[in-house]
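Worksheet: one structure, shown below.
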Amino acid sequence: MNSSRIGLLLVALVLATAANAQRVYYRYFNEQGITVQTDRLPPEAVPRGYQVVNANGDILKEVPRRLTEEERKSRDIEEERQRLLAEEEQRIRKWDQSLALRYSDVADIEEAKNRGLKEYDTRIGILQGNLMSLKSQIESEQGDAANYARRGKDAPEALVVRIGSLKSEVRYAESAIDELNGERVEVERQFERDMLRFEYLLENAALRKQAER
């Protein structure tokens with residue numbers, strides 16, 4: 001056999017080996033649980049999952065089996081639980097960082113609470129003063145309207161409009177006071193939560209220091 005023919009055979013062998021190496025096969029379990037490897041994947045095998053391998057048996061890709069409806073529900077519930085848990089952990093972490101940046105001890109939180117509540121008390125007090133003034137104006141205007149009625153006359157339209165406008169302002173002031181009172185309660189509760197959390201963090205820090213000694 002001459003050298004040129006040997007060269008051609010070697011080239012053909014290399015090409016065949018390379019082509020075979022690039023081929024992919026599918027490995028899966030059949031209905032009897034027996035491992036099957038073939039170059040064509042039957043559709044009925046897809047739900048059971050399969051592996052894509054090369055000629056050497058190396059796994060190139062793995063497709064898991066299709067989950068049942070019950071398994072999908074369980075998976076979704078667990079994923080949602082993990083998501084909520086991660087969100088809560090992030091919220092606590094940010095809360096702790098915020099407390100560490102704003103306060104050096106519990107007394108700082110108490111002072112901040114007193115300042116914050118005092119601001120709400122001031123705003124509520126101003127609105128309550130305005131409310132008393134508005135109600136006093138309404139009584140005066142309604143007295144004027146009553147005088148017209150005693151004389152058998154209708155109250156002027158401008159007077160009726162003023163009374164209506166004042167009543168609208170009263171409703172707005174009352175609503176604003178209720179809203180501020182609600183905010184004040186929630187702010188006070190948040191400061192109380194901050195103090196409890198800060199005390200917990202201080203206790204943990206003290207315990208860590210003792211453990212390190």
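So, of the residues in region 150-169 that are exposed (fewer than 15 other Cβ atoms within 10 Å of the Cβ), of a type outside the set (D, E, K, R) and more than 19 Å from L131 (Cα to Cα), which turns out to be nearest to the chain's Cα centre (by Cα)? That would be V160. Within region 198-212, residues that are assigned by TED's automatic domain parsing to the domain that holds D108 sit with their Cβ atoms under 8 Å from residues that are assigned to a helix (DSSP H, G or I) and β-branched (V, I, T), at 6+ positions apart or across chains, in these pairs: F198/V106; F198/I109; E199/V106; L202/V106. Of the residues contained in region 73-95, none is found to be in a loop (DSSP other than H, G, I, E, B), over 30 Å from Y200 (Cα atoms) and either modelled with pLDDT of 90 or more or of a type in the set (G, A, S) (or both).
In region 103-120, the condition of being in contact with a Phe, Trp or Tyr (Cβ under 9 Å, 6 or more places away or on another chain) and small (G, A, S) is met by at least one residue.
Restricting region 172-191 to residues that are touching a residue at least 40 places away in the same chain (Cβ under 8 Å) and out of contact with any Gly (no Cβ under 9 Å at 6 or more places or on another chain) leaves a set whose member that is nearest to A100 (Cα to Cα) is E183.
The values are calculated or read from the model by the stated rules, or taken from the named source; none is laboratory data. This structure is a prediction, so every number in the text was calculated from the model and none was measured. Here Cβ is always computed from backbone atoms with ideal geometry, including for glycine, and neighbour counts include all displayed protein chains.
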